[in-house]
1. Taking the Cα centroid of the stretch 246-266 and of the stretch 138-161, what is the distance between the two, rounded to the nearest whole Å?
2. How many percent of DSSP beta bridges within the chain run antiparallel, rounded to 5?
3. Given the DSSP H assignment, sum -39500 (n - 2.57) over each helix run of at least 4 residues in the chain and divide by its residue total; what's the result at 222 nm in deg cm²/dmol, nearest 500?
4. Under a Cβ-Cβ cut-off of 13 Å, what is the net charge of the residues other than residue 119 that fall near it, where Lys and Arg count +1 and Asp and Glu count -1?
5. Using θ = phi - 60° and the Karplus form 6.51 cos²θ - 1.76 cosθ + 1.60, what ³J(HN,Hα) does each residue of the stretch 100-105 get, whole Hz, x for Gly and Pro?
6. With the convex hull built on the Cα atoms of the stretch 214-304, state its orientation-averaged projected area in nm².
7. Bins of 5 Å, beginning at zero and ending with the bin holding the largest distance: percent of Cα pairs per bin for the stretch 153-271, please.
8. Which residue fluctuates the most in the chain, going by a Gaussian network model with Cα springs under 10 Å, if the choices are 180, 241, 54?
Amino acid sequence: MIKISVTVNGILFENPLILASGILDESIDSMINMRNSGAGGVVTKSTGKEERFGHPNPTFHVEEHGLMNAMGLPNPGAEKLREIIINSGIDFPVIASVFDSTPEGFVNVINTLDNEKIKAFELNLSCPHAKGYGADIGQEPDMVREFTKYVKNNTSKPVWVKLTPNVTDIKTIGIAAEEGGADAVVAINTIKGMSIDAYAEKPVLSSVYGGYSGPAIKPIGLRMVYELYEAIKIPIIGVGGITTGKDVIEYILAGASAVEIGSAIHYRGQNGFSLIKDEILEILKEKSCEDINALKGRAHGGET
């Protein structure tokens, strides 16, 4: 039997496909639906201390080769999400994505949200469209190191740091996260961009700028995972433009231990995880590979 289960920071995922934050993870029912459709785990919507409504519409636009969004980090707040998760029937790995503007704020959110069903925390240091949060922090190596270290000193659970691609050198940011004690990095978040309506003669999104995702950013995500694999020792979760089983294999060859998937739900429907999983198994069969983990980093000519 071909093995496609992966272990990251001691967390066992039945397969390497994890639902990315912000995609059909607003409710327990939608998370369970994604699990039932084939996801090996889920990341919650990025959550802050208090409820947040985000940007006004329009917040989403379909481009020719990708998707543009600027949601503005809407979420129910940490206390409410904690109650929802505790009272759920979740029996699969849940990673909680959290955000704030200060190290102390991150820990406050984590302490409020923490419960036995959450296996790790993903620090959102990469959102490109919420001023004062995300990439405003994640573009500065010293801040990434400081925030990560403070959180690690105040939680016993694994800490994943989600990196922004909107930097000159992703390796510098990854190294800063590792030096701060991160247990893994998640690469990458969306690319900062914008859409303009040629007829209305104004930006499409209410916030003007947004995050670009979808197939067009896969080469960027692959390149950054590849670079990070040669720069850091901690696990890398690959994200960006993954819509097929072939895409997943490519990310693992670049050095990813697992992947997060978001826009594929738009392109392939809610059954996308199952389709991608079947494609992975078919490729592994064609390659006579009995364990997907054996492929990690092979594009580098072997383990580094």
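1. The stretch 246-266 and the stretch 138-161 have Cα centres spaced 24 Å from each other.
2. Of the beta bridges lying entirely in the chain, close to 35 percent run antiparallel.
3. About -9500 deg cm²/dmol.
4. Net of charged neighbours comes to -3.
5. Rounded to whole hertz, the list is 5, 9, 9, x, 5, x.
6. Mean orientational projected area (the stretch 214-304, Cα hull): 5.5 nm².
7. For the stretch 153-271, the pair-distance distribution reads 2, 12, 20, 19, 17, 13, 9, 5, 2, 1, 0.
8. Maximum among the listed residues: 54.
Here, each number is a calculation from the coordinates, and none is a lab measurement. Everything quoted here is computed from the prediction, not taken from an experiment. Glycine gets a Cβ as well: all are built from the backbone with ideal geometry, and neighbour counts include every protein chain shown.
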